[in-house]
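All remarks here apply to the structure that follows.
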Amino acid sequence: MKLNKALLNIILATRYRKQFEISHSMLVKTNNENAPYDWFQKTWDYFESIDDGLFEEAGIKKNLATLSIVLNCNLPEGIEDVEYSELHNYEVLYFFKEDEENEFRTI
């Protein structure tokens, strides 16, 4: 799938949220190792809270399969420095583990 502004921002924001939730869980567990904290659920809750219009603009669905791709897809190096008007020249790639040829595929 070709990148666009909405797709890139959903990917980056969700990944940053995941990093925050993992870091926060470490803080929570500093004083109490048994404290319950589900960083994945918190990341999903954030992903699910993103406006539906952004998903439509991005051309993706709001579901767990898409969240998995968003968290694990490969973005081109330096993509955060690319002008929004040039994003259509780039694709989002993910590794499809069940693919016998181990190829990267686009969303």
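Each value in this text was obtained by applying a stated rule to the coordinates, not by laboratory testing. Note that the coordinates shown come from a computational prediction; the quantities given were computed from them, not determined experimentally. Note: ideal-geometry Cβ built from the backbone for every residue, glycine included; neighbour counts use all protein chains shown.
In the stretch 53-74, the condition of being of a type in the set (Lys, Arg) and touching a Phe, Trp or Tyr at 6+ places or on another chain (Cβ under 7 Å) is met by at least one residue. Taken over the stretch 1-38, residues that are of a type outside the set (Gly, Ala, Ser), surrounded by 13 or more Cβ atoms within 10 Å (Cβ to Cβ) and in a helix (DSSP H, G or I) amount to 17.
Just so you know, in the stretch 44-54 the residues that are in contact (Cβ under 8 Å) with a residue 12 or more places away in the chain and in a helix (DSSP H, G or I) include one that is farthest from the chain's Cα centre (by Cα), and it is Leu54. Within the stretch 70-90, the set of residues being among the hydroxyl-bearing types (Ser, Thr, Tyr) and exposed (fewer than 14 other Cβ atoms within 10 Å of the Cβ) comprises Tyr84, Ser85.
Could you go through the stretch 55-62 and let me know if any residue there is of a type in the set (A, V, I, L, M), part of a helix (DSSP H, G or I) and over 22 Å from Tyr94 (Cβ atoms). Step through it out loud before you land on a result.
Filtering the stretch 55-62 for residues of a type in the set (A, V, I, L, M) gives 58, 60.
From what's left, part of a helix (DSSP H, G or I): 58.
Within this subset, residues satisfying the condition of being over 22 Å from Tyr94 (Cβ atoms) are none.
Scanning the stretch 55-62 turns up no residue that is of a type in the set (A, V, I, L, M), part of a helix (DSSP H, G or I) and over 22 Å from Tyr94 (Cβ atoms).
Take Leu67 and tell me if it is closer than 21 Å to Phe20 by Cβ, under 11 Å from the mean Cα position of the chain (by Cα) and surrounded by 12 or more Cβ atoms within 10 Å (Cβ to Cβ). Yes, satisfied. Residue pairs whose Cβ atoms lie under 7 Å apart, separated by 6 or more positions or on different chains, with the first residue in the stretch 10-21 and touching a residue at least 24 places away in the same chain (Cβ under 8 Å) and closer than 20 Å to Asp52 by Cβ and the second aromatic (Phe, Trp, Tyr) and part of a helix (DSSP H, G or I), are Thr14/Tyr46; Thr14/Phe47; Arg17/Tyr46.
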